[in-house]
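To keep things clear, I will list the structure first and then write my remarks on it.
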Amino acid sequence: MGNTNAFEGLDSYSVNLIHYKSRRLIGYLGMTESDREDIEQDLAIHLRQSLPKHDPSRGSVKTFINCVLDNRIRAIIKSRSSSVFDCRVHAYSLDAVVQDEDADAMTRGDMLDADEYQMALGNAGRPTIETIELRIDVARAVASLPPDMRDVCILLSRTTVAAAARELGISRAKLYDIMRRLRDMLRDHGIDQYL
């Protein structure tokens with residue numbers, strides 16, 4: 001597995017700002033120098049994902065970059081200061097060996113559930129297996145719809161109601177009526193728990 005450069009595609013201003021902001025986090029809420037590379041990577045990846053959303057008519061790219069990084073730092077701090085992950089509440093090493101329910105020896109880090117961790121950070125709304133099942137159920141239900149309703153459903157998954165109404169050449173009120181019928185059809189296919 002090859003290394004990927006998290007800074008690839010970012011200009012020197014962005015890279016320098018990421019370095020600066022990550023250095024300022026060291027020592028805060030238990031973040032250490034060994035966390036700095038992870039923080040920088042997190043900030044760089046988040047910035048790369050956010051850059052396509054920049055609207056030049058709303059402000060300069062430098063202001064946008066600062067706002068994106070500041071918002072991500074707030075999210076990092078919020079997740080670090082939650083009672084579940086706050087280093088001040090849990091003062092033990094993840095490398096410490098403990099016994100699980102079956103009396104098997106393992107490290108605390110091995111006992112962490114990745115799904116619970118991602119949900120606590122706000123990066124996931126449900127466990128991975130439920131997300132996969134949801135995608136399968138929705139794909140089956142959408143495939144069974146009449147072609148015209150399937151097209152509307154797919155269009156709504158990609159764009160807003162207003163943009164979909166414009167593309168279809170109908171009013172939003174008419175589209176909302178279609179959406180109500182679409183929900184009823186999807187409920188008939190047993191995915192009402194997701195609606």
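Values in this text are rule-based calculations from the coordinates and carry no lab data. What you see is a predicted model; the values in this text were computed from it and never measured. Virtual Cβ from ideal backbone geometry, glycine too; neighbours counted across all protein chains shown.
Proximity of backbone amide H atoms, modeled 1.01 Å from N, is registered between Thr107 and Val98 at under 5 Å, excluding neighbours fewer than 5 places apart on the same chain.
Can you figure out the FRET efficiency of Ile132 with Arg187, using R₀ = 22 Å and their beta-carbon distance, to the nearest 0.05? The value I calculate is 0.55. If the segment from Ala162 to Ser81 were pulled out straight at 0.36 nm per residue, it would be longer than the present Cα-Cα gap by 25.3 nm.
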